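In what follows, a structure is listed as structure tokens, so that the remarks can point back to it.
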Amino acid sequence: QLQASGGGLLQAGGSLRLTCEIPRIIFSTFSGSNIGWYRQAPGNQREPVAVSFRNRTTNYADSVKGRFTISRDNARKRVYLQMNSLKPEDTAVYFCNVQTINRDLWGQGTQVTVSS
């Protein structure tokens, strides 16, 4: 189970950094894993926000390009999502995901609420 944190309530235009703690069970394979952040707004399906592949290519949803940045810290075993210029439509529960060769792990989600 991944531990996501850093969500909160803030006004439009603000910034947040979400953090995902990696469990010890995948420490040895983390550096070669795919990592991602997804979000789910009320009444909507979960959608990808940012995904960084093991070859270090990265994909972003069109709605967050230029505002969000996904990164990993292999030494600290963490995944981050830096979110800038937040908009009310970014309001959702954000989930982190790590895919290793033989595991597909999800976090419990952290709520981000952006007011106008």
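Brief remarks on what is shown
- Restricting attention to the stretch 1-28, the residues that are surrounded by 14 or more Cβ atoms within 10 Å (Cβ to Cβ) and either of a type in the set (Lys, Arg) or closer than 13 Å to Leu105 by Cα (or both) total 8.
- Top-ranked residue in the stretch 63-98 [being farther than 20 Å from Ser15 by Cβ and without any contact (Cβ under 8 Å) to a residue 12 or more places away in the chain; ranked as least open to solvent (accessible area, probe 1.4 Å)]: Ala75
- Contacts under 9 angstrom Cβ, first residue in the stretch 1-27 being touching a residue at least 12 places away in the same chain (Cβ under 8 Å) and farther than 19 Å from Glu89 by Cβ, partner in a loop (DSSP other than H, G, I, E, B) and among the aliphatic types (A, V, I, L, M), 6 or more apart: Leu2/Ile22; Gln3/Ile22
- Top-ranked residue of the stretch 63-116 - restricted to ones that are in a loop (DSSP other than H, G, I, E, B) and among the hydrophobic types (A, V, I, L, M, F, W, C), ranked as farthest from the chain's Cα centre (by Cα): Ile101
- Given (1) under 16 Å from Gly107 (Cβ atoms); (2) surrounded by fewer than 16 Cβ atoms within 10 Å (Cβ to Cβ), index of the condition Asn59 fails: (1)
- Residue that is farthest from Thr110 (Cα to Cα) [pool: residues in the stretch 42-56 that are touching a helix residue (DSSP H, G or I) at 6+ places or on another chain (Cβ under 8 Å) and open to solvent by less than 30 Å² (accessible area, probe 1.4 Å)]: Ala50
- Flag if Gly36 is part of a loop (DSSP other than H, G, I, E, B) and of a type outside the set (D, E, K, R): no
The values are calculated or read from the model by the stated rules, or taken from the named source; none is laboratory data. Because the structure is a prediction, the values reported are computed rather than measured. Note that we place each Cβ from the backbone using ideal geometry, even for glycine, and neighbour counts take in every protein chain shown. Quick note on the areas: whole protein, heavy atoms, side chains included, nothing else; ligands and nucleic acids left out. Shrake-Rupley method; radii C 1.70, N 1.55, O 1.52, S 1.80 Å.
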